Structure formats: C-alpha cells, structure tokens
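Have a look at the structure below, then the notes.
The values are calculated or read from the model by the stated rules, or taken from the named source; none is laboratory data. Predicted model, so just to flag it, every value in this text is computed and none were measured. Cβ: placed from backbone, ideal geometry, glycine included. Neighbour counts: every protein chain shown. Heads up: the accessible areas ignore ligands, DNA and RNA and are worked out on the full protein's heavy atoms, side chains in. Shrake-Rupley method; radii C 1.70, N 1.55, O 1.52, S 1.80 Å.
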Amino acid sequence: ACTGTETALWARSPGRVQELATTRCNELYLPGQRLPDTVAVTGGLEEALRDAALVLFAVPAQASRAIFRRAAPHLAPHADRVITSKGIEEGSLRRLSQVLEEETGSAERIVALSGPSFAAETARGLESLPGAGDARVNAQTVYLRAQPQDVVCGAVVSPGRRTGQPRSARISGTGRID
C-alpha cells in the first residue's frame, strides 16, 4: 500500500470499519500510524477479496478456520495466501496452513509467515530486521513447507494487483535453527 498498490483492508465490525475509514488510523494496534490513501477499508469480505492477487490473513489463530471458510469461495484461484497468525488450532492441533488447505481444498499458493512482530516498525517504513537490505525476488508462486529445524526465511510479497505486473518479494531476514 505504501508503494501505491491498491489494497483492501477488511474489518468485521461496522464500527471499526467506520473508524478506520474516517480517521485513517488504527489507534488500537498502531497508534499514530496513518493508513496510506491506497488502502480501501471495507466491511465486505467478498469486496475485499475481489481480484486480489495476494491475501494476508492476520486473524487470531482460533478464529482462522471460520474466516478461511468464509473467504474460500471468494479467493481467486491465482491468489497467493499468506497466513501471518501464530499458533495452531485448538482441538485439531493443526497448523494454520493445514487449516487453510482444508478450507480451500488446495495446498498450493499458501505461505505461513511467522516470527517476531515488527508491525510498528514496518508501518513507519523501517527495516524490520538489521541488514535486510533491498534484495528483490520475482516469483510466480511462493511455497513454504518448513519444519522447525529447517531454514527460516521471512519475505514481504508485493503483487501487481490488477496491473499484470509480476509479484515480487523482499527478503526480511534469514537464519537457521539448529
């Protein structure tokens, strides 16, 4: 959104939609940070997902299945789906990527992006990890199938939504858990 990409932000509560749309600020979670003008706030999930090339799911883990289920019929087949929530589903003990796969019927185009929260730094335009640099990677599809002992990598994916431009990703940091 900060680069001029048209972005939709969905909120469940009509009061929250009204607040975000009028004040352009999320004082509860990111005080003092203004939403870019390219962010359209909506209470309609179908509207938010229409023509989206990239969908970020940032909802509490225990609400994920219900949201994934509601979103599934509105997701474009080519849409990359990024889960930013942490945790597993209580009861089933499934990873959220497994839950999204179950609800959408496909494991393709699902990415689980996890790590420390750098929301405030990112909102202020700061690098989220030291030495992140400006490396850019073009990709048609991003897959992440990592076990805890595997390489850990974070990326911010920027789609060419409705423009036909290729998707690109900026590496936020890499490491290895031994």
Name the residues whose placed amide hydrogens come within less than 5 Å of the amide hydrogen of ASP80, ignoring near sequence neighbours (fewer than 5 apart) on the same chain.
-> LEU54, VAL55
Name the residues whose placed amide hydrogens come within less than 5 Å of the amide hydrogen of ALA8, ignoring near sequence neighbours (fewer than 5 apart) on the same chain.
-> ALA40
Candidate cut points under GluC sites (Glu not before Pro) in the stretch 56-104, DSSP loop plus at most 12 other Cβ atoms within 10 Å of their own Cβ, are GLU90
Could you pull the accessible area for ILE110 with a 1.4 Å probe, rounded to 10 Å²?
-> 10 Å²
Karplus (6.51, -1.76, 1.60) ³J(HN,Hα), θ = phi - 60°, over the stretch 84-99, in Hz, Gly and Pro reported as x = 9, 6, 9, x, 10, 6, 4, x, 7, 6, 8, 5, 5, 5, 5, 5
In terms of modelled amide H atoms, which long-range or inter-chain residues lie less than 5 Å from the amide H of ALA112?
-> ILE83, LEU144
Give the distance, in whole Å, between the Cα centre of the stretch 23-40 and the Cα centre of the stretch 47-70.
-> 20 Å
